[in-house]
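The values are calculated or read from the model by the stated rules, or taken from the named source; none is laboratory data. Quick caveat, the model's predicted, so the values are computed rather than measured. In this analysis, Cβ positions are derived from the backbone assuming ideal geometry, glycine residues included, and neighbour counts consider all displayed protein chains. For the accessible areas, the whole protein counts, side chains as well, though only heavy atoms, and no ligand, DNA or RNA atoms are used. Shrake-Rupley method; radii C 1.70, N 1.55, O 1.52, S 1.80 Å.
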Amino acid sequence: MPKPLTLDEIAEELLAEEDPGDIILFPPDDGVVTDEDSGDENEANILHLPSRMLRSQVELQNRPSTSGENRMNDLEEEEIDVPAPKKKKEKSCGKGDHDEEVFTNSQEVMSAVECFELLYNDDIIKFIVDMSNLYALQRNHTLNVTCDEIRVYIAILLLTGYLTPKYMRMLWEVKSDTHNDLVASSIRRNRFFEIQQYLHLSDSTSLPPNDKFAKVREYFTKLNVNFTAHFKKAGSSHISIDETIVPYFGKHGTKQHIHGKPIRFGYKL
């Protein structure tokens, strides 16, 4: 056990610019209890304490370690048991999950692009291409958009989630602080906005009646089927689902109003 020290001895170590560690001072067991201060509280000094306090025993904790043989000698003299290293906590699954399923699904390493292309596969891309070209023809316009162009269009939308430009056209500007080589070299500005103008997710001539989500119902159905089919392969049950509001101030039956939110009007996703 370490040799008991007095507060007076600790004060000498402090004056010698040594760090004794955490000091725990126990009041002297002499039956005397007083609230009397030893001096001004703003000018407190360990040397201004009463003599009976300075002579009382103190306990040191978290004393700074020394290096080399001195540290080993200290351990032998003090007979301190060195705690064993903590075992790494094993990975556990969340409430309602099955460990075997989580570990099995987590073994396959997939990149972010591979995971996205698995859930948002060629069938979804082709559906957007067909519906957009059909809508353009119904508006007496020839779009002839391809699957590759739709992929580039979606990639730019995902990119703007990080860059967040005030106007999409800024990505094609020649100014050094707004121009983006990746976007400008992938697609022409006019072509991008042409695709955006005629982008469609349904056949407007055969929409189901009494369905407020008719224009995106088939698109949602395809996504749900695809996500369910590839859920186990794309990720484990360690998935966080959040919600967001897409700003919209027009007139539509599915628009929501949440008072007190930064975005009060819009679509909840």
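A Cβ distance below 9 Å, combined with a sequence gap of six or more or placement on separate chains, defines the contacts here; from region 208-223, residues that are touching a residue at least 60 places away in the same chain (Cβ under 8 Å) reach residues that are open to solvent by 80 Å² or more (accessible area, probe 1.4 Å) in the pairs Lys222/Asp123.
Applying the set (1) touching a helix residue (DSSP H, G or I) at 6+ places or on another chain (Cβ under 8 Å); (2) open to solvent by 40 Å² or more (accessible area, probe 1.4 Å) to Asp177 leaves exactly one unmet item: (1).
Set side by side, the residues Lys268, Lys222, Lys261, Lys233 differ, and just one is open to solvent by 70 Å² or more (accessible area, probe 1.4 Å) and touching a helix residue (DSSP H, G or I) at 6+ places or on another chain (Cβ under 8 Å), which is Lys233. Kindly indicate whether Asp181 is farther than 30 Å from Glu114 by Cβ and modelled with pLDDT of 90 or more. Considered against the rule, which asks whether it is farther than 30 Å from Glu114 by Cβ and modelled with pLDDT of 90 or more, Asp181 comes out as no.
Can you tell which of Ser111, Ser132 is open to solvent by less than 90 Å² (accessible area, probe 1.4 Å) and farther than 30 Å from Leu207 by Cα? Sole residue among the options that is open to solvent by less than 90 Å² (accessible area, probe 1.4 Å) and farther than 30 Å from Leu207 by Cα: Ser111.
Screening the candidates Phe192, Phe227, Phe213, Phe231 for the property of being closer than 21 Å to Asp130 by Cβ, among the aromatic types (Phe, Trp, Tyr) and within 27 Å of the chain's Cα centre (by Cα) yields one hit, Phe227.
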